[in-house]
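First up is the structure itself, then whatever we jot down about it.
Bear in mind that the values in this text are calculations on the coordinates, not laboratory data. All of these numbers come straight from a predicted model, not from anything done at the bench. Cβ coordinates were reconstructed from backbone atoms using ideal geometry, including for glycine residues, and neighbour counts include every protein chain displayed.
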Amino acid sequence: MSITPAQRTSIMILWSKVCKDRKWKSGDREFRLAKFSELIGRQLKSTNDVERLDECTKLMAELNCLLGVSVEAGKEASDPSLNRARVIRNQILTEIIPCLEMYRGERLPSDLADILEDKNRWWKLDRPVRGITLMDLDDLPIFRYDKAASKKKFVGSQLKQMQWTLSRWLNTLRNEAGDTIHEMKTKASVPCDCAACKKAEFMREEVTAGETPEEVAADAWFEQEMHKEEAASERPF
């Protein structure tokens, strides 16, 4: 999914600050797209092409890193697992758990606590005297020795394993209830990415593809404001 208007505005505000700091021309669309493409790692035709979760977060972290004002942004720029971990947590919290809650109701919190503690041996190790949460899990890769293949095998990460476990459990509950994926997500008020919904989303994006007059005007406004600040800073006291 492409970025939302609010995300785009946040990116452009941050971009204008970077341009001011680096003495770049904020209104140069070709330069902006080339720089955004470089930071994300793939070619963009429009700022709207930036993906809503992973790429938006990465782009904003990289821009903050260019400004040099955020230690956390610097960490994320050098360690992609931090951003991936946040994306997986977001997917679990906003997509999987609302659907599980629809089937499990008030029993869900204790169910989740049991799964988290069991999969991560929380009470079997030297852990703090508190319950485990998703924030305690990371997305660092885990490898285990496969005797049959006589080599190490990638088994995901703590968060990936949790995501896979909850997804399998949700699929079982959904089948028992006789719901399709679309029906389940609709009932839980969760965005659906089934074929029909993807087609509808694609059609909407096709209509709004490229930069609209409003977005072009927003870009011009950012450039105008930047020039005002530059002119003010050059005035003699």
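Remarks
- Cβ-based exposure ranking for 106, 95, in which fewest neighbours within 10 Å come first: 106, 95
- Residue-count net charge about residue 15 - beta-carbon cut-off 9 Å; Lys, Arg +1, Asp, Glu -1: +3
- Across q = 0.20 Å⁻¹, the range 95-192 modelled as identical point scatterers on its alpha-carbon atoms has Debye log10 I(q)/I(0) values of -1.04, in the order of the q list.
- Among the listed pairs 119/151; 119/153; 58/119; 20/45; 17/45, those beyond 27 Å (Cα-Cα): 58/119
- Each residue of the range 135-142 was assigned a 3J(HN,Hα) from its phi angle through the Karplus expression (A = 6.51, B = -1.76, C = 1.60, θ = phi - 60°), giving 5, 7, 9, 10, 10, 6, x, 10 Hz with x at Gly and Pro.
- Sorting the segments 177-188, 6-17 by their mean number of nearby beta carbons within 10 angstrom, highest to lowest, gives 6-17, 177-188.
- Long-range amide H partners of residue 120 with built H, under 5 Å: none
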